[in-house]
Amino acid sequence: MTLDAPSPDAARIAPGTLAVLDAALDAVVAMDGRGTVRFWNRAAERIFGWTAAQASGREMAELIVPERHREAHRRGVERLVGGGAPVLIDQRVEIQAVKADGSEIPVELTVTRMPLAEPLFLGYVRDISDRVAAEQQLRESRHRLLEAAYATRRRFERDLHDGAQQRLIGTGIALQLLRARVEDGGELAELIDEARAELTAATAELRELARGLHPAVLTQGGLRPALRALTGRAPIPVSVDGVPAGRLPIAVETTAYFTLAEGLTNVARHSGARSAAITIEQDATLLRVTLSDDGRGGAVVGAGSGLDGLRDRALALDGRLWVEDAEAGGTRLVLEVPCAP
Ligand SMILES: Nc1ncnc2c1ncn2[C@@H]1O[C@H](COP(=O)(O)OP(=O)(O)OP(=O)(O)O)[C@@H](O)[C@H]1O
Ligand SMILES: [Mg+2]
């Protein structure tokens, strides 16, 4: 608003202060104890699309609070005036605001009570649409990068399986046929047997490599058979509970699988545990995967690259990952990712 705007409160705010508030990049608005607008600076005009003259004297809730939040806003004003819990005062909150054209924008808001006899509350409102949009783009690009990395690993696994592995198996069969034509005990037979043993070892190594890249059983059958195979290879007994019967989005299944694979490797390497337990829980919005062990505890994310990489994968899916010491000793590794059933 300007100095000569028809606000009864303009006169009570020193002219210099008024000019400063009008120059502010953020919206600065004031509301009295009835929730009525008493001040509206230029940035508020620009951001919300109401002029100071239009806004002055109207209820703040009707102007910038989305309809679904209006009752809560009104109750908040009553509490502010009544001196109850100091809702919002001097805190930064991120909420949705509504503009004159009905569209909504995300804003950051902080409210201050003016040191006046009658209640007058000053709100500083920052339009954070650009930041929220940039964060959303960043989240989406991280998600895409993770998906692309998983897709590449699946392709490598396929190529190894269908290409190199098949050729090695073919070569093994050829050597077997050759061996059958050579008499036992000779130098040639010995050489062929050595070559066959090397080939078997190479094939096994290649299979391990392919599985580390992306286990085919996960692509084909999902988490249930993949976890059965994973826990079957663990050196200690691992119970598995709550694995969803149906399939989940591939990125979620893959992240859950790699989290548990690295978690079980850590249990075997660092914990000294005698047993471990995997629990999977799913509600309307979230998949929670927990790996508990009964070892010595003390795991730290960031001390090595394993848990750090898992945390990045979780973040790329808008999820989170952490470790905690269980009350009874041992470690709990928890992954949470958004995932509707
Ligand atoms: N289940 C566990 N029990 C006890 N300590 C653990 C457990 N898991 C991890 N830790 C500790 O947390 C550290 C970090 O684990 P992280 O997986 O990030 O790294 P790392 O296993 O040491 O190395 P990397 O995984 O990169 O090969 C480990 O070095 C270990 O000290
Ligand atoms: Mg590790």
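The values are calculated or read from the model by the stated rules, or taken from the named source; none is laboratory data. If you're wondering where the values come from, they're calculated on a predicted model, not measured in any experiment. So basically every Cβ, Gly included, is an ideal-geometry build from the backbone, and we count neighbours across all protein chains shown.
Kindly indicate which of D283, D318, D293, D308 is closer than 25 Å to Q136 by Cα and near ligand 1 (Cβ under 7 Å from one of its atoms).
Exactly one residue qualifies, and that residue is D308.
Would you mention how many residues in the range 4-28 are at pLDDT 90 or above and buried (at least 16 other Cβ atoms within 10 Å of the Cβ)?
Number satisfying all stated conditions: 3.
Give the residues of the range 267-302 that are touching a residue at least 40 places away in the same chain (Cβ under 8 Å), more than 15 Å from ligand 2 (Cβ to nearest atom) and farther than 21 Å from L317 by Cα, sorted by residue number.
Hit for the range 267-302 is S292, nothing else.
Quick grid of which residues meet (1) out of contact with any Pro (no Cβ under 8 Å at 6 or more places or on another chain); (2) more than 20 Å from I128 (Cβ to Cβ):
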{"position": "V37", "(1), (2)": "yes, yes"}
{"position": "P66", "(1), (2)": "yes, no"}
{"position": "E71", "(1), (2)": "yes, yes"}
{"position": "R74", "(1), (2)": "yes, yes"}
{"position": "R92", "(1), (2)": "yes, no"}
{"position": "V98", "(1), (2)": "no, no"}
{"position": "S103", "(1), (2)": "yes, no"}
{"position": "P106", "(1), (2)": "yes, no"}
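Quick check, is G263 assigned by TED's automatic domain parsing to the domain that holds I236 and under 30 Å from Q220 (Cα atoms)?
So G263 fits the description; yes.
Yes or no: the range 291-300 includes at least one residue that is closer than 16 Å to V238 by Cβ and of a type in the set (D, E). Walk me through it before giving the result.
Residues of the range 291-300 that are closer than 16 Å to V238 by Cβ, as a first pass: 291-295.
Add one more test, that the residue is of a type in the set (D, E), and what stays is 293-294.
Yes: one or more hits.
Yes/no per residue for (1) over 20 Å from V28 (Cα atoms); (2) basic (K, R); (3) modelled with pLDDT under 95; (4) outside any loop (DSSP other than H, G, I, E, B):
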residue: T110; (1), (2), (3), (4): no, no, yes, yes
residue: Q137; (1), (2), (3), (4): yes, no, no, yes
residue: R158; (1), (2), (3), (4): yes, yes, yes, yes
residue: D162; (1), (2), (3), (4): yes, no, yes, yes
residue: G185; (1), (2), (3), (4): yes, no, yes, no
residue: R196; (1), (2), (3), (4): yes, yes, no, yes
residue: A201; (1), (2), (3), (4): yes, no, no, yes
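From the list A97, A174, A117, A189, which residue is modelled with pLDDT of 95 or more, of a type in the set (G, A, S), not assigned by TED's automatic domain parsing to the domain that holds A251 and not in a helix (DSSP H, G or I)? Reasoning before the result, please.
Numbers: A174 fails: not in a helix (DSSP H, G or I); A117 fails: modelled with pLDDT of 95 or more; A189 fails: not in a helix (DSSP H, G or I).
Selected residue: A97, the only one of A97, A174, A117, A189 that is modelled with pLDDT of 95 or more, of a type in the set (G, A, S), not assigned by TED's automatic domain parsing to the domain that holds A251 and not in a helix (DSSP H, G or I).
For the range 83-90, does any single residue satisfy the condition of being touching a strand residue (DSSP E or B) at 6+ places or on another chain (Cβ under 8 Å), on the phi < 0 side of the Ramachandran plot, at pLDDT below 95 and surrounded by fewer than 16 Cβ atoms within 10 Å (Cβ to Cβ)?
yes
For the range 256-296, which positions are in contact with a helix residue (DSSP H, G or I) (Cβ under 7 Å, 6 or more places away or on another chain) and of a type in the set (S, T, Y)?
Answer for the range 256-296, where residues must be in contact with a helix residue (DSSP H, G or I) (Cβ under 7 Å, 6 or more places away or on another chain) and of a type in the set (S, T, Y): Y257, T259.
Of all residues in the range 223-266, which are part of a helix (DSSP H, G or I), away from ligand 2 (no atom under 12 Å from the Cβ) and acidic (D, E)? So that I can check it myself, show each step before the final result.
In the first step, residues of the range 223-266 are kept if they are part of a helix (DSSP H, G or I); the result is 223-232, 250-266.
Right, trim to away from ligand 2 (no atom under 12 Å from the Cβ) and you get 223-232, 250-257, 260.
Answer for the range 223-266, where residues must be part of a helix (DSSP H, G or I), away from ligand 2 (no atom under 12 Å from the Cβ) and acidic (D, E): just E253.
Whether any residue in the range 129-149 is aliphatic (A, V, I, L, M), surrounded by 17 or more Cβ atoms within 10 Å (Cβ to Cβ) and under 30 Å from I250 (Cβ atoms) is what I want to check.
The answer is yes; a qualifying residue exists.
Considering M1, M31, M60, which residue is modelled with pLDDT under 80 and surrounded by 14 or more Cβ atoms within 10 Å (Cβ to Cβ)?
M1 is the lone residue from the list that is modelled with pLDDT under 80 and surrounded by 14 or more Cβ atoms within 10 Å (Cβ to Cβ).
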